[in-house]
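A short write-up of the structure that comes next.
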Amino acid sequence: MPYARRLLPLTLITAVIVVAWVVVSIAVVPTDATEGVRQKLTYLHPAFAIITLVAFVAGAFFAWQHLKHDRPLDDLRSYVAIHMGQVFCLIALITGGIWGRTAWGVWWDWGEPVLVTFLIIFLLYATYQPMRFAIEDPERQARTASVFAVSAGIFAPVCFGVVRMTTNLLHPQPLDDPGSNLPGTAGLAFGLSVLALGALFVTLWHLEVVHKSTRIRVRQLQRKVEGEDAVPVVARASSPVTL
Amino acid sequence: MSAAPPTPPPGTGPAAPPPGGAGRPARSGAPAPSVLLAGRPRWTTDVRTLLALEWRRERRAPQVLPTMFLFSIGVFVLFRFGLQDGRVEGPLAAGVLLVTTLLAALLGIGRLWAAEEEEGGLDAFRLTPAPASALVAAKALALWSFLLVLHLVAVPAFVLLLLQDGLDGAAIPRIAGALLLCDLGIAVAGALVGAIAAAARSRELLVPLMAVPLLIPLIALASEALAPLLTSPREVSEGRWWLALALYDGVFLLVCWAVSDGIVED
């Protein structure tokens, strides 16, 4: 709820950036002569992948804050960051598959370490909710989830580092390879895509934190007014319950 | 929407003690019959005592080691048939050995925190002034020692059943070194995963789900380090894989130490 006041200006700023990103990517940047429309995915897929990792690291940061200060709100922030990261991760995998199909002729290449690493990280985070909601005691649930989030948040960059080290890459490295640097307006569109999806992530994260914290408060008030049995325990299966 | 500061739920303090710190405050004024309760023993003494407890438990009612032994031998025999009496070397040999180790370790990880959860060991530990990091370290060391003992049996069995031209004697110290580092990584990450899963209802299902993705980079690195040593004639294992293995172990040791209070706190 402390975030509710920031939601409107944040939404407006995000909307402006997203519109600028869409306009620049579609109308301003010329279509690539060799890659065609496929190249437009450069302004979508990498940004989703980058924001996914940022979300997981942010989840680890808030989880660490929760372990350190024992503030239930930090657990909610971590939960929401990871939840949003999972959605972004899934979109990055799908858009990556579409790009792979058009560029390499296959939806998925098991020999490509960046794809496989991303899948490993997705699978690891896919266990977050089953693990979390298999623990009944809400406080223990929050603490154990934070331990997981910190471990996984550190693991994600380490995993990427190791896989890049052990295998030759097929996946393009537009930010690392001097030969494939994006020129002029294409570079602008790429930067805008990261900025727009970053802003979108922050806005959605705020929205969900406000929504969940409000719902938790309403349930607490409902219990006070109508008694402990007024709100069913099944509510615990959808989000953290302590705040 | 109005903003109100969050109210902590009853029973939660404003701040948790520092992770892996010098020691949690004693939660009880109970008398001190053991080394864990007597005065304020050093961290290493706590770890030694807890590690001895793990081994005593395993000696009294052997569960983890026999299961891991039998499972590993069974998997080697399975590979023998699966590969149609074929023998392996190089990357394939390293993969078979390491994946078998990982799967056997999952059995150990699943039981690592069972006594603490099922028999109230964690509650008993919370009554002592010993730091949480000592318990997590003891668990990791226990699993590490179990895996090392497992390899004393499993590696000869692997050589006998599956390895193409046997082991080059000069390569044995390096193979032992690579397995030592690999086992340490499995043990540290396993102690963490076991602790997370132990709190859950479906711990047997969660352990492999969480441990396998976490350990894929470790297996990839160990495979790169081991494969040249299991090739005939033996090739040179590059130093960077060893360094990366040690780094992976170091990162997870730090993570384990940092979150240990979160695992043990009530």
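All told, B:V159 falls short of being in contact (Cβ under 8 Å) with a residue 24 or more places away in the chain and either farther than 28 Å from A:Q141 by Cα or out of contact with any His (no Cβ under 6 Å at 6 or more places or on another chain) (or both). Restricting the stretch B:188-218 to residues that are of a type in the set (D, E, K, R) and closer than 18 Å to A:S146 by Cα leaves a set whose member that is surrounded by the fewest Cβ atoms within 10 Å (Cβ to Cβ) is B:R201. Restricting A:V106, A:V87 to residues that are outside any loop (DSSP other than H, G, I, E, B) and more than 14 Å from every other protein chain (Cβ to nearest Cβ) narrows the list to A:V87. Residue selection: A:S151 satisfies the criterion of being touching a helix residue (DSSP H, G or I) at 6+ places or on another chain (Cβ under 8 Å), within 8 Å of another protein chain (Cβ to nearest Cβ), modelled with pLDDT of 70 or more and crowded, with 19+ Cβ neighbours inside 10 Å.
Being facing chain B (nearest Cβ under 9 Å), at pLDDT below 85 and outside any helix (DSSP H, G or I) is a condition met by at least one residue of the stretch A:136-143.
Would you say B:V207 is in contact (Cβ under 8 Å) with a residue 40 or more places away in the chain, within 17 Å of B:L103 (Cβ to Cβ) and within 11 Å of another protein chain (Cβ to nearest Cβ)? Judged against the criteria, B:V207 is a match. For the stretch A:67-110, which positions are within 24 Å of B:C256 (Cβ to Cβ) and surrounded by fewer than 17 Cβ atoms within 10 Å (Cβ to Cβ)? A:H69, the sole residue that qualifies. Which of the following residues is more than 8 Å from chain A (Cβ to nearest Cβ) and modelled with pLDDT of 90 or more: B:L161, B:L179? Exactly one of B:L161, B:L179 is more than 8 Å from chain A (Cβ to nearest Cβ) and modelled with pLDDT of 90 or more, namely B:L179. Counting the residues of the stretch B:216-244 that are out of contact with any Gly (no Cβ under 7 Å at 6 or more places or on another chain) and part of a helix (DSSP H, G or I) gives 17. Counting only helices (runs of 4 or more DSSP H) wholly contained in the stretch B:112-166, the ones carrying 1 or more residues that are under 18 Å from B:L229 (Cβ atoms) occupy B:132-161.
The values are calculated or read from the model by the stated rules, or taken from the named source; none is laboratory data. The structure presented is a predicted model; accordingly, all values stated were derived computationally and were not measured. Heads up, the Cβs are rebuilt from the backbone with ideal geometry, glycines too, and the neighbour counts pull from every protein chain shown.
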